[in-house]
1. Would you mention how many residues in region A:25-51 are more than 8 Å from every other protein chain (Cβ to nearest Cβ) and surrounded by 13 or more Cβ atoms within 10 Å (Cβ to Cβ)?
2. One residue is enough: does region B:160-171 have a residue meeting the conditions under 15 Å from residue B:221 (Cβ atoms), of a type outside the set (A, V, I, L, M, F, W, C) and surrounded by 17 or more Cβ atoms within 10 Å (Cβ to Cβ)?
3. Yes or no: residue B:186 touching a helix residue (DSSP H, G or I) at 6+ places or on another chain (Cβ under 8 Å) and either in contact (Cβ under 8 Å) with a residue 60 or more places away in the chain or within 13 Å of another protein chain (Cβ to nearest Cβ) (or both)?
4. Quick one: which of A:96, A:124, A:86 is under 21 Å from the mean Cα position of the chain (by Cα), farther than 19 Å from residue B:49 by Cα and surrounded by fewer than 21 Cβ atoms within 10 Å (Cβ to Cβ)?
5. Output the residues belonging to region A:166-191 that are closer than 30 Å to residue A:141 by Cβ, in a helix (DSSP H, G or I) and either more than 8 Å from chain B (Cβ to nearest Cβ) or of a type in the set (A, V, I, L, M) (or both).
6. Do you know which residues across region A:147-164 are in contact with a Pro (Cβ under 6 Å, 6 or more places away or on another chain) and either within 11 Å of chain B (Cβ to nearest Cβ) or among the small types (Gly, Ala, Ser) (or both)?
7. Among all residue pairs at least 6 apart or on different chains, which show Cβ distances below 9 Å where the first residue, located in region A:186-207, is under 12 Å from residue B:294 (Cβ atoms) and the second is part of a loop (DSSP other than H, G, I, E, B) and of a type in the set (D, E, K, R)?
8. Of everything in region B:153-166, what is touching a residue at least 12 places away in the same chain (Cβ under 8 Å) and either on the phi > 0 side of the Ramachandran plot or β-branched (Val, Ile, Thr) (or both)? Give them in sequence order.
Amino acid sequence: MMSTATISPGLRHKRRRERLRNLAFLSPWLIGVSVFFLYPLASTVYFSFMKYDGFTPPVWTGLKNWSYVFTDYPFFWPALRNTLWLVIIMVTLRVLFGLGIGMLITKVKTGAGLFRTMFYLPYLAPPVAATMAFAFLLNPGTGPVNNILGRLGLPQPGWFNDPAWSKPALTLLAIWGIGDLMVIFMASLLDVPLEQYEASSLDGANAWQRFVHVTLPNIQPIVLFAVITGVIQTMQYYTQPLIAGKVASGVIGGSGQQFEPGYPDKSTLTLPQLVYNLGFQRFDTGGASVIALVLFVLAMVFTAILMRRGSGFLATDD
Amino acid sequence: MSTLTTPRVETPVPAPGLTTAGREARRTKFLQWVAVHSLAIAAALFFVLPFVFVALTAVMSDQQALTRDLWPDSWHWGNLRTVWETPGFLTWWKNTLMYAVLGTVLTLLSSIPVAYALARFKFRGRNLAMMLVISTMMLPPQVVIVPMYLFWAKELHLSGTLWPLIIPMAFTDAFSIFLLRQFLLTIPKEYVDAAKVDGCGDFRALVRIILPMAKPAIAAVALFQFFYCWNDYFGPQIYASENAAAWTLSYGLESFKGAHHTNWNLTMAATLLVMAPVIILFFFAQKAFIEGVTLTGVKG
């Protein structure tokens, strides 16, 4: 009799049309992801095993680029260490401040809209402009910040000119641009059910206990989201350390000598800067590809954690 | 986002001529109000003062800008004009606008159908596709930049222009797909089903029914993409740096500091002029921004 293989021609026709429709809707992305992601990613892997200066044809060199980057390239380990520093200190402080400012704004009763605007605006400032502004504000000689610190009788750090202070200065800049985190924390705090606060108040919980036992569990997925996206942003950290180092070293606006990335003393180096330095200034495509793949692996590890632990905020299906 | 008030247990408002307990409660509430607002003002100073100092320096004289002074002796409004009339500044402005407008339009046109398909159509590999979208969204652009540069520069001879940055946006943007899909999932299916019963095709249903309902998300995506392009430094540095006629504001601002190297006042005036459009647009589209940020983090 009728087997499943012989579905009615009408149904088969409908399925075919559906497949074509799906393909049509998805085609911009299918082309995009192949041409601008999968193909260049495969090329990066290929180039990481090649000696290639971008001009003469590539030559197979096996693992030479890899061993060069890990053992002989003096910038790699400092860049990785800086990333670790930024992940631990900068991301943590950003999340803590974002949460703090988010909580503060939910408690403000007068002028909440105005405060929210003031807290949010720095997030929108173009990174180059914001970094130039901070390089000026934190300039040890002429900057207003050290002027004020001096008047208050406080120590006046060298900020972007002192290897011990350059990363804290970048952290200050990052905390200034905290508006995005403030908004997502504010929204999630307002979603915490009021009854839970009321119940715990009746049980005699104080403010701190309410925070730990009611607020935190409710906003935990958002905290995780903020931490992991923060870590991934740190992997891509490029414009701010580059501009800060250039302005502070006097390459921008100075004698115009060759810029050695990471000024002062490699303290602002990040991995993306190395991709640029090797690939576009030293024409070492192979070495740049190795660094790019290290970045890729790090970013994918954190993305995998995000997708495994983050089902709460990544809506999957209806 | 509803109101901005705290969840609180209502204390009964004491009648005039009241008990000590009532007065006490009122006092605590008042002190709390003072504490919260003092903290908010302190925080506001941290967020606003950098803008203020930049603006004050922008109108100082050349000489004064080299000192530690905070307040201008005399107001040199002409600095802003000097910057505006610097050769190239207007060109950077135009290039940035072209990059941002074309980039935004192309992203919307290409990402909306994809986001809709990923939110609504059932097909094999849909979860895999979504994982790929999220992966590309999280990927540092530097991972693929070397082969991409070689592709645009050697195969298509388009280095020295902004086209290598604009053209890919006709083939979607992962973050925009992600954000739009998050929003489209919240629109009940029944609307489209009803339209289909009335003989509407998938494309017409998307344009006529879904798009009007998805306006907040589309506005948010447009703004984010616009600002991404406006603020982008890495892209123009890679592709446009060799040709000054193709520089954008972000890239040009750096060279501006080079051309006027001792003049912090002019540099800060330029910085202010680069920040200004962002700030102005924010005041017009505040709601869309806040909604967009909220969508990425919370909806689901």
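1. Residues in region A:25-51 being more than 8 Å from every other protein chain (Cβ to nearest Cβ) and surrounded by 13 or more Cβ atoms within 10 Å (Cβ to Cβ): 9 in total.
2. no
3. no
4. It is A:96.
5. A:166, A:167, A:168, A:169, A:170, A:171, A:172, A:173, A:174, A:175
6. Answer for region A:147-164, where residues must be in contact with a Pro (Cβ under 6 Å, 6 or more places away or on another chain) and either within 11 Å of chain B (Cβ to nearest Cβ) or among the small types (Gly, Ala, Ser) (or both): just A:158.
7. none
8. Selection gives B:160, B:161, B:166.
The values are calculated or read from the model by the stated rules, or taken from the named source; none is laboratory data. Quantities reported herein were computed from a predicted structural model and do not represent experimental measurements. Cβ atoms come from the backbone with ideal geometry, glycine included; neighbour counts cover every protein chain shown.
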